[in-house]
1. Show the residue pairs that are 6+ apart or on different chains and have beta-carbon atoms under 6 Å apart, the first residue being within region A:25-42 and within 10 Å of chain B (Cβ to nearest Cβ), the second being part of a loop (DSSP other than H, G, I, E, B) and modelled with pLDDT of 75 or more.
2. Looking at region A:112-127, which of the residues that are touching a helix residue (DSSP H, G or I) at 6+ places or on another chain (Cβ under 6 Å) and closer than 16 Å to residue A:159 by Cα is surrounded by the fewest Cβ atoms within 10 Å (Cβ to Cβ)?
3. Would you please name the residue that is farthest from the chain's Cα centre (by Cα), looking only at residues in region A:128-174 that are surrounded by 18 or more Cβ atoms within 10 Å (Cβ to Cβ) and not in a helix (DSSP H, G or I)?
4. Would you mention how many residues in region A:119-164 are more than 9 Å from chain B (Cβ to nearest Cβ) and hydrophobic (A, V, I, L, M, F, W, C)?
Amino acid sequence: MESSEPHEANKSRIENFNALVLRHKAMIWHICSDYNVGKARNMEDCIQEVLINLWRSFGTFEERSSEKTWVWRVATNTMLMLKRKEDKSPQTEPIEAVGVGEKEDEPNDEKYKQLQQLINMLPEESGTIIRSFLDGFSYKEIAEMTGSSVGAVAMRIARLKQKLKIMYERENNL
Amino acid sequence: MKNKIKALKSSTQRDSFEAQWQSRQQWQEQAEKWAPDDKTFLQWVEKAQQDPAGSSANLIPIHRNKRWIPYAAAASLVIGVAAIGLTRQSQPESGLPVAEEVTVESQTIHFICNNGCSAQDIMFLANKVIK
């Protein structure tokens, strides 16, 4: 397709994208924040990376999945990409997150962070599935995203929760 | 007595796990509270829209159910066809982290994963290119 999109159409496209981002900004922030627990990443950089990927693929979104699912998937895959890059080149920086959200009254529930760190220790696919559940997707939606059956998803989530509980108890010397 | 203390501690910790689990499920409330304001987000959006690779115009008609694919993705598909072949052989259960199933590093796979395509989308594109 040629790059001669009418100016008005482009303007409308930008407005639609802006509105989409504002509808889902809390979820975007939340996903970046979750993957950043215990990491020395800059939140603004992460969010920026997500926004770039959303913008790049905005033209291909055709509502076969829900808008929420699409945004969630792009944001999650972006963070997984960053994580993979880091795994290849380990950092030696301090483990406190920096950047946006580094306010004194930032959410600082240590227990919440502990669960999040345990989820970050799970294999990538397991972590993604448990996050999708905790982020409010139904078994049916997760089954559609993963190409599994609803029963298999339910069983997998129950097992992962049990595994996390054991990890948690071990971590706390129980 | 020692056992009682241990049991109590254990029970508290277990409750604590459930509390964390439930707290994590209520992320929306916290996220709404802590996410930057609309103005900040829109500034970031503006930056993202200046990304040269983010042009909405570079779409080519690889087409299924009116699906248009960014030119860059289609071009890199040709380069990454070998890697995609590997993906096809080891089609994962999950449509989410496809790249981890691939042993060959491929920008193509990364690009497509980053753009929210499902495993089925990738298979479709791979078949298109292989044909």
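The values are calculated or read from the model by the stated rules, or taken from the named source; none is laboratory data. In this text, all values refer to a predicted model and were calculated from it rather than measured experimentally. Cβ coordinates were reconstructed from backbone atoms using ideal geometry, including for glycine residues, and neighbour counts include every protein chain displayed.
1. A:25/B:35; A:26/B:35; A:29/B:35
2. Across region A:112-127, the extreme among qualifying residues is A:124.
3. A:148
4. Qualifying residue count, region A:119-164: 13.
Residues are listed down the side, and each one gets a yes or a no for (1) at pLDDT 85 or above; (2) in contact with a Pro (Cβ under 8 Å, 6 or more places away or on another chain); (3) buried (at least 21 other Cβ atoms within 10 Å of the Cβ):
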{"residue": "A:8", "(1), (2), (3)": "no, no, no"}
{"residue": "A:23", "(1), (2), (3)": "yes, no, no"}
{"residue": "A:36", "(1), (2), (3)": "no, no, yes"}
{"residue": "A:48", "(1), (2), (3)": "yes, no, no"}
